[in-house]
Amino acid sequence: FPVTIIGGETFHDLGKIIQSRYVLNEDDPVAVEMAGAPFVILDDYIFVFFRDTITTFQQNNLAVARCSIANLLLAVTQNETPNFSKYFQGSFTEPGLRGKSSALEFLNGNIRWFDVGFDSKKNQYVLVFVDDTIIGQNLYLMFSQDLFHWGPRINLTFRSGEIFYPTLIG
C-alpha cells in the first residue's frame, strides 16, 4: 500500500526481502531480531547483512543475502517484492525468506547491532559491532576483503551498560 509523506513523496512497502528460518510463536523465550540490515552495493548486486535465527538457541550472528540491481529495479518498477537469496555454504542458493544461511565469521561469535562499509584507505570492507556480555558490551571492528570472510575481531573498548547502535560515517 502506498504511504504519502509530508512534501508529497509517495513510498510503497514492497514486502519482506529477508526472513529468519525460525518460526516465532507466542510461547518462545526469544526475540527474532535481524539487526539493522546494513547493505553494500558491489558490482551488480546489493548485499544486505543480517542476523539469522535458526532455532531458539542458535543463530548465524552475521549472514548476508543479495539481489541483483537489475532484478531489484525490475521488481520496484512492477510494484513487486524483489527476490533476495541467502549465502549458504559458498553460494547464494537459498531463498531470502526462511532459507538457510551460513555464518560469515569463522567462530560465529556473538554480534548484536552492527554496520558495514568500505574503508578506501585499507581497501577493505569494515564491520563495526557490539557484543553483549553479562556485565557490559564490547565494541569491535572486523575487516574483510570479499564480504564473506570476516575477522579477526579488533576490540575498541568495553563499557558496562549499553553501547548499542554503532554507525560508520564517511
Report task. Select from the stretch 112-128 the residues that are in a strand (DSSP E or B) and more than 16 Å from VAL40 (Cα to Cα) and list them in ascending order. Result -> none
Report summary line: If we ask which residues in the stretch 147-161 are in a loop (DSSP other than H, G, I, E, B) and in contact (Cβ under 8 Å) with a residue 60 or more places away in the chain, their number turns out to be 2
Query raised in the report: Scanning for something within 26 Å of VAL23 (Cα to Cα), assigned to a loop (DSSP other than H, G, I, E, B) and under 17 Å from the mean Cα position of the chain (by Cα), does the stretch 129-144 turn up at least one residue?
Result: no
Report summary line: Of those in the stretch 144-170 that are aliphatic (A, V, I, L, M) and surrounded by 11 or more Cβ atoms within 10 Å (Cβ to Cβ), the residue modelled with the lowest pLDDT is ILE163
Query raised in the report: What number of residues within the stretch 88-111 are assigned to a strand (DSSP E or B) and under 20 Å from LEU42 (Cβ atoms)?
Result: 6
Query raised in the report: Within the stretch 123-143, can you find the residues that are aromatic (Phe, Trp, Tyr) and either farther than 20 Å from SER160 by Cβ or open to solvent by less than 30 Å² (accessible area, probe 1.4 Å) (or both)?
Result: TYR125, PHE129, PHE143
**Report entry** Residue that is surrounded by the most Cβ atoms within 10 Å (Cβ to Cβ), among those in the stretch 88-113 that are under 16 Å from the mean Cα position of the chain (by Cα) and among the hydrophobic types (A, V, I, L, M, F, W, C)
**Finding:** ILE111
**Report entry** the stretch 37-63 residues that are more than 15 Å from ARG98 (Cα to Cα) and free of Cβ contacts under 8 Å to residues at least 40 places away in the same chain, paired with ones that are among the β-branched types (Val, Ile, Thr) and assigned to a strand (DSSP E or B) (beta carbon under 6 Å, 6 or more apart)
**Finding:** ALA37/VAL48
Query raised in the report: How many residues are touching a residue at least 24 places away in the same chain (Cβ under 8 Å), among the hydrophobic types (A, V, I, L, M, F, W, C) and farther than 26 Å from PHE47 by Cβ if we restrict to the stretch 129-146?
Result: 1
Query raised in the report: Only one of ILE46, ILE54, ILE69, ILE111 is touching a helix residue (DSSP H, G or I) at 6+ places or on another chain (Cβ under 7 Å) and among the hydrophobic types (A, V, I, L, M, F, W, C); which?
Result: ILE46
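The values are calculated or read from the model by the stated rules, or taken from the named source; none is laboratory data. In this text the structure is predicted, and so the values were computed from the model without any measurement. Methodologically, a virtual Cβ is constructed for each residue, glycine included, from the backbone with ideal geometry; neighbour enumeration extends over all protein chains shown. What goes into the accessible areas is simple: the full protein's heavy atoms, side chains included, and nothing from ligands, DNA or RNA. Shrake-Rupley method; radii C 1.70, N 1.55, O 1.52, S 1.80 Å.
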